[in-house]
Structure formats: C-alpha cells, structure tokens
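First up is the structure itself, then whatever we jot down about it.
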Amino acid sequence: MSRSHLGPRSLTVEEARARAALLEIDSYAIDLDLTGGDASDATGETFESVTRVGFRSEPGQTFLNVQPHRLHSVTLDGVSLDTDTLEACRIPLDLSAGEHLLEVRATMAYRNDGEGLHRSLDPADGLHYLYGMSFMDAAPSIFACFDQPDLKAKVRLSVTAPSSWTVVGNGPLAEHTGNRWVFAETPPLSTYFITLIAGPWHVVTDTHDGIRLGLSCRASIASALDDDAGELFTITKQCFDEFHRLFGRRYPFGDYHQAFVPEFNAGAMENPGCVTFRDPMVFTGPVTRAERVSRAMTIAHEMAHMWFGNITTPRWWDDLWLNESFAEYLGQRVTADVTQFADAADVTTYVRHPWGLAADLRPSTHPVASNGAADAASALQDFDGISYAKGSSVLRQLNARLGDEIFFEGVRRHFAAHTFGNATMADLADAWRSAGATGLDEFFAGWLRSAGADVLGYDRSTSRLTLTPPVASTPLANGSGPAREHAVEVAVGGRTPGDWTRSPVVFGSEPFPLDAADRPVLIDPSVSTWAVSTLDTETLAHLPVWLPATTEPSIRAGIWSALRSTFRIGGISPDQTIEIVSAALANEPEALAVQSTASWLIGESLICSRDDGTRRGRVHAVLRDRMVVAEPASTLQLTLFMSAVKTAGDPDWLRPFLDNQGLPPGLLLDADLRWLVLGQLSALGAITAAELDAELAAAPTAKATVAHAGARAAAPNEAAKEFAWSRFTGEVDVPNYELEAAGVAMWQPGQDDITDAYVERYFTDVPATGQVRQGWMLADAASAFFPLLALEDRVVRLATSTAATPDLDPGLARILRDRADDLDRRIRVSRLETR
C-alpha cells in the first residue's frame, strides 16, 4: 500500500485561529469514485476524489489541506494553481476578498490503519469493505478541505461504486441509479465528521418517531447482527426518546445509521447520520453481561454526541471535554435510566473509573478542560481517561450541585445559542449562569482546570480522614492548589465481618475527624467523587475476611476500586493483594467484578510479584474451582472460564477443550473461546506455529486472523518474537488490530530469556516507526510493544532518555514518558514486602 498519506504537518491552534478569522466555508461538494476503473469491483489501492469548496474570504494568505496519492489539479475561481506547491499536505492560497470556488482533483490511497478511507478485506469470504474515518486530521486523505473543527460547512456527497454495493453517508440518500449514489445536503458539519461506508454490507432497517434507522455489518457476520438487531434498535429508540426529553431539541440530521465496521481504532465515532462502531460489538458468540452493558453505553454515548459535538462543536480541541465528558456522563446515565441495563454504573466503577484514574496519575495528566492542546496531533493523545471518565465524574458532581432543572436548562440554552456552530467552555458557563447556576468559577477552577487526582485516606493514628492534593496538579491563577471539596460517604465496619455503616461527610484540605477504632474504613464506597480513595493498613488486614462477607454490591465495588488505587500508589504489596483477591474471588458473585479484578490481577499484581508461577497457580485454582460450581451457561461461568484459561499453566488441562471435552456444563467452545485456549497453549509452548496456521486456514474469519497474530507472537521461541517484531518495525504491513495483538502478546511472563534481547531493540527501533505509521496507530503500536514486563530500573532510564530524543514525534514521546512512569510504579510496588 502506498505510504504517501504520511507526513502532514499537524495544524496548530494559532494557524486554526488565523484561518478561521480569514474564511467562512459555505459548502463541500465531494465526489468519490471507488470503482478503480472497473465498476464490478474495487480492489485497487487508490480511489478518485473531486472536491469543490465554496467559501468567502477576507484578503490574505492561507492554505488548503489535502493528502493525495497523486494530485492532478487545483483550481481557484477557474484559475489553475501549481500543484508542485503542495508541501506537508498543504496547498498555499493567496486570496482576495469575496466569494471563491476551489476545485481539487486527486487520486487518494486507501488506508489500513483505521483512518482516512479504510479498506478491509474480510478473510471469511474475500469481500472488501470501505469506511471513512475523518477524525482529527485524516479527512484530507479522503477529500480536500480546510480541516479544523470551527470551519463548518454543508456537505453534498456523491459516490460511484459497484452497483451491488451499499453506500451510506452523513445525509439521507437522495438518488441512487446503477452505480451512482447521491446524498442530500447536510446541515453544517465539521470536516472530521464527514464519512461514508461502502461495500457489500448486510443492512437491517427500522423507523422510530419519524427517524429512519439502519444497522449494517459485514456479510460474514450478518446472522449475528440479525440476532442482535432487536436489542440494538430498542436501545436506540429508548435513547432517542430520552435525549429528546432532556435536550428539548430533536435529532436534526435525518436518518440514523449505525455501521459496525472492521479494524476500527476507537470504540465508535459520532459521525452525524452514520455512526461507525468497531464490529466486535456484533456478538458472534456468547459474551458477558458487561460486554452488553458496555455496548449499550457506547450506543448512548454516540447518540449524546449528536447534540454535544455535532449540533454544537468545540471551537478547538482544548475543549474536547464539551464532546467526550458529556457523552460519557450522559451515555452511562441514559443507559441506566431508560434501557434494560440499569446496572450501567457498575461498568463505570469497575472499568471506566480505573482507566481515568490511571491516566490522571501519569506525567501526561492534564486538566479536563482547557487542556492546552497546541496542535491536532497532541490533542489526539488527550482523548484519554481524563477527558472521558474524569470529565464524566465531574459533570455528575456538577449535576448534583445544580440539579437537573438548571443543568439541562443551561444545556438547552447553549444549543440554542450555537446551533450548527462552535462554542467554548465560557459559552456553556454563560448558558448555565443564565439558567440560574452559581459558584461555577470556583467549581471549574478546582475540578475542570486543575490536573491530577486528590488522594483520600484514613490516618488511624490521628483518627482523621486526610486529603493529599496531587503533586502534578495544575495550579490555579492565584497560585493556590485545587479548590476541591469532596462530598462522599464513609463506610465503617461494624461488629461482624461484612457489616458496614455509611455516613455522609464533606471535607477538603482540612482533615475530618473520624473515630473508627480498629474497624475497617472505606472512603467513598459509591465512587461518587474523583479521587484516589485508599485503604489503610488496618483495613487491608481485615479484607481477606471482610470482603467475602460483604453482601452489598456497591460496598464490594467500592472496596475493589479502593484496592486497585491503593496498589497503584504503592500502598500494598503484590503478595498481600493476591491474598485478598484470592480470598474474595472464591466468593465474588458479580461477574463484572470477577472479570475486571482477574484482568487487573493478571496484568498488574502477578507481574509485580515477580511470580515464578506459584501465585498464578493459586489464582488459577480459585477461578477453576468457582467455574466448576457456577450456574451453567451463566455470565459468571463464562467469565470464570476465560479468566481460568488466561491463568492456566498446565497444557493438559487446556488441550481437551479443543475437542469440547472437560468443559463445565452449559459452556460451549465457540470460535472466540477456542482461540483464547489456543493463545494460552501457544504462550505455554504447547502448540506449534504450523498448528496455529492450520487453525486459521480452517476458519479464516477477521477475529481469528487477529487472534492468530496474538497466538503466534505469544510463543516462547525466537521465531515468534521475530514474527511480532517485523510487524512493529513495518517490515510486514498488517492492519491495525493484528499489529496491536502481536505487540500485546509478545511480552509473556516467564519468557524473559527470549524477550530480554528485545528490550533495547524497542528503544532503538521505536523512533523510526514514525516513518511507517501515524496518528492513532503510531501511539497504539508504541504502547502495545512497550516492554512493561521488564521490571528493571535501566528500562525506565532507557524510556526516559528515548522520550527526550530531539525531533521525536510528540505522541511517541508522551507514550514513552507515561510507560516509563507505569513501569517505575510497577518496580516500586514489586519491592514492597507484605506488612
């Protein structure tokens, strides 16, 4: 595949402001020919793109963004411009005042990194599928544009494609004749929303409240989508009704199509009229309830974006919280309020909250709002747990302060003032004030404009609750620390194990008196604030008995959350953690708690314990014993089985599963579970590469291809690691999912004698990966292949020094600094002794 799409210069905020002051964009007319000269197929590596841009300008100089494979012509008001002036994917323009028309004709390259116009080959049937991902700075690799969020314009899309295909765009289909699709003009959109899907998609349709609904997926998983369509449509309809009620404004973009697409980097993308989701969300086999809840929350999250992000768009990426924090908050809230998944908050507690806290404790921590994104490339890295999970938590607290009436009245006024336009944090604050909100300046300063998380603890020697501000906190304008006040509950253990008494408290920088004697103390059991809630030594000593005896789900969830936080900041040793978790997992009734805790234990605690296999064996035995007695065909049984497989050290226990022997009653080994077993067998050195290749050849699905890449890379031999490394360096070009799977799998516990040689190779080779990939996958690959299992101080030093390399891509530098911090934390925890 041509690499000519690499190399754009990232747009800076100063450039964006200057261009926005000069231009007002009226419309884009985009015409794409996807036939490759053959109307019966589209298997080439390029497509034709013609863009006509109507706009008004003040006199001055600026530039147009385009990332072509070949640039054929550029005309301004009918006058040809020199295509040789293209540099760093920019065409310079010298504009006079008044109306202008630009036309750009180019051949563009398909991509396989989940960005631009991504082309995927389904190995199950050999069919090609296309989808557009214009997010951040990928739009110019599909069409020429003035690519920034505050230059919105109406869009008219026309597509030539094989006549047997389905094509969907942002606007409703206006005309379809033969191999030609013409879509209705949209309301003003930012360029990063413009998309299409094209290919032999399987489509299911419905309607609701005057809105035409659609679902689509690859033909090879059509039956799975048909099985799930009822649930997906029901969630969509329920969410539409609730968002219409909350916002007092109807969805304005015509049809609402939800496309499940292959090899998608994000969970989903909120393109108006045509939302794209990663297609593993079409469940082709048994899944846990947590996966269904997460999918429902993602559907609601993207629908919330139709208002927060699409109707009203942030002016620049430093206010991306106006998109993501709101969508995260409302996605969880609306899912819990109006769908069958009333337990959506559990996913936030067990999955999203720890993700956000981890990000807030790293060197790259940043404020939720006004995050200082200097350019689009650096802004991409701020789409993290802070902008999503922390922002959501802060908005939940703000809603509790203001109440629904003021909160949503301010939101409605905000949309009314900036319909199809752009806005800032200050604009939203003004709307809330006009609706009656007070105290916003202090709240915004403490929670939105300051980075880092407070650490909440209990000092038993003084009988006081304590708050330690974050070291990396961004100071306020007056030089003081974050003005944060935490309104939480504190649960204190009673006379018998599992008995707790809750009391509300409000405290900030001043310690709060609490006499708990020798009983366990849990701060913020409902995880209602944003902080690192820790467990003191006395409480930790109680947990092996107290946690299994606790029956209240929210208390248990709070303990699990606090235990993870305590571990991350070095407040508990790996061995003590394993003792507590092993005792609790033997009785934990919630599948999500088992799934998230076992995953954390495998990925963190066992590694930090420098385990020789003994501790892993203990955890495996607990999971295996629970699996045997779990309710047949239950989510808990499935979760326990998957976790038991991941901790298995005995190939003889695993191998019979491949013949459907030895499985617990009610469990069937579908293709996904089969590859889970194959991957663990490979990591144990109990299956050959040839056998894995034969498994893939027998059933070459997209999921199997990715799982095969991970299984091949996991094997304890040099050939397996070279298999992975050739993908990291770009010597072997593979799609994004395969690349990431190989990176995650190559570093396995107990394989240090093989992987040690790759530690220094990583730091030697990682800078050059910026020459073979960009954007999302540049950072993801660097993260996936980072040697996080190498618990050595020298590796931290290597990461830190490499991050300081002159001219290193800023995204890579950020990943290296963060991973160095993660590794340093692991090393320090690994040196703790059980107290």
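The values are calculated or read from the model by the stated rules, or taken from the named source; none is laboratory data. Predicted model only: the values in this text are computed from it and were never measured. Here Cβ is always computed from backbone atoms with ideal geometry, including for glycine, and neighbour counts include all displayed protein chains. We work out accessible area using only protein heavy atoms, side chains counted, and drop any ligands, DNA or RNA first. Shrake-Rupley method; radii C 1.70, N 1.55, O 1.52, S 1.80 Å.
Observations
- Taken over region 82-130, residues that are among the hydroxyl-bearing types (Ser, Thr, Tyr) and open to solvent by 10 Å² or more (accessible area, probe 1.4 Å) amount to 3.
- Test: residue in region 151-159 that is closer than 22 Å to Glu103 by Cβ and either free of Cβ contacts under 8 Å to residues at least 60 places away in the same chain or hydroxyl-bearing (Ser, Thr, Tyr) (or both): yes
- Sole residue being in contact with a Pro (Cβ under 6 Å, 6 or more places away or on another chain) and either more than 24 Å from Leu791 (Cα to Cα) or surrounded by 17 or more Cβ atoms within 10 Å (Cβ to Cβ) (or both), chosen from Ala671, Ala686: Ala686
- For region 810-835, filtered to residues that are assigned to a helix (DSSP H, G or I) and of a type in the set (A, V, I, L, M), the residue that is surrounded by the fewest Cβ atoms within 10 Å (Cβ to Cβ) is Ile827.
- Residue check for Phe507: within 19 Å of Ser461 (Cβ to Cβ) and crowded, with 20+ Cβ neighbours inside 10 Å: yes
- Output for region 349-375, where each listed residue is surrounded by fewer than 20 Cβ atoms within 10 Å (Cβ to Cβ), closer than 19 Å to Pro149 by Cα and not small (Gly, Ala, Ser): Asp375
- Condition met for Asn265 (crowded, with 20+ Cβ neighbours inside 10 Å and assigned to a loop (DSSP other than H, G, I, E, B)): no
- Only one of the numbered conditions (1) farther than 18 Å from Thr276 by Cβ; (2) open to solvent by less than 10 Å² (accessible area, probe 1.4 Å); (3) in contact with a Leu (Cβ under 6 Å, 6 or more places away or on another chain) is not met by Val155, and that is (1).
- Residue count for region 253-262, restricted to those that are open to solvent by less than 10 Å² (accessible area, probe 1.4 Å) and not aromatic (Phe, Trp, Tyr): 4
- Counted residues, region 215-227 - those being crowded, with 21+ Cβ neighbours inside 10 Å and either aromatic (Phe, Trp, Tyr) or without any contact (Cβ under 8 Å) to a residue 60 or more places away in the chain (or both): 3
- Residue within region 277-285 that is in contact with a Phe, Trp or Tyr (Cβ under 9 Å, 6 or more places away or on another chain) and under 21 Å from Ser387 (Cα atoms) present: yes
- Pair list, Cβ < 8 Å and 6+ apart or interchain, from region 424-447 residues that are over 26 Å from Pro149 (Cα atoms) and touching a residue at least 24 places away in the same chain (Cβ under 8 Å) to residues that are aliphatic (A, V, I, L, M) and open to solvent by 40 Å² or more (accessible area, probe 1.4 Å): Ala435/Ile406; Gly436/Ile406; Ala437/Ile406; Glu442/Ala483; Gly446/Ala483
- Filter pass, Ala373 being touching a helix residue (DSSP H, G or I) at 6+ places or on another chain (Cβ under 6 Å), under 30 Å from Arg17 (Cα atoms) and of a type outside the set (Asp, Glu): yes
- Matching entry among Ser526, Ser533 (being crowded, with 21+ Cβ neighbours inside 10 Å and small (Gly, Ala, Ser)): Ser533
- Verdict on Ala562 being small (Gly, Ala, Ser), open to solvent by less than 10 Å² (accessible area, probe 1.4 Å), modelled with pLDDT of 95 or more and over 18 Å from Ala593 (Cβ atoms): no
- Scanning region 234-289 for residues that are out of contact with any strand residue (DSSP E or B) (no Cβ under 9 Å at 6 or more places or on another chain), among the aromatic types (Phe, Trp, Tyr) and without any contact (Cβ under 8 Å) to a residue 60 or more places away in the chain returns a single hit, Phe283.
- The number of residues in region 125-144 that are under 27 Å from Glu87 (Cα atoms) and acidic (Asp, Glu) comes to 1.
- Selection from region 576-615 of residues that are closer than 20 Å to Val628 by Cβ, surrounded by 22 or more Cβ atoms within 10 Å (Cβ to Cβ) and in contact with a Ser or Thr (Cβ under 7 Å, 6 or more places away or on another chain): Val581, Leu585, Val594, Gln595, Ala598
- Of note, Leu547 satisfies the criterion of being part of a helix (DSSP H, G or I), open to solvent by less than 40 Å² (accessible area, probe 1.4 Å) and of a type in the set (A, V, I, L, M, F, W, C).
- Note on region 747-797: residues that are closer than 29 Å to Ala648 by Cα, touching a residue at least 24 places away in the same chain (Cβ under 8 Å) and not aliphatic (A, V, I, L, M) total 16.
- Top-ranked residue of region 268-312 - restricted to ones that are among the basic types (Lys, Arg) and assigned to a helix (DSSP H, G or I), ranked as surrounded by the fewest Cβ atoms within 10 Å (Cβ to Cβ): Arg292
- Glu231 meets all of the listed conditions (1) within 21 Å of the chain's Cα centre (by Cα); (2) in a helix (DSSP H, G or I) but one, namely (1).
- Residue in region 199-212 that is assigned to a strand (DSSP E or B), open to solvent by 10 Å² or more (accessible area, probe 1.4 Å) and closer than 30 Å to Leu739 by Cα present: yes
- Residue count, region 554-613 (criterion: free of Cβ contacts under 8 Å to residues at least 60 places away in the same chain, in contact with a strand residue (DSSP E or B) (Cβ under 7 Å, 6 or more places away or on another chain) and not small (Gly, Ala, Ser)): 1
- Condition broken by Gly662, with the remaining ones in (1) surrounded by fewer than 17 Cβ atoms within 10 Å (Cβ to Cβ); (2) closer than 30 Å to Ala222 by Cβ satisfied: (2)
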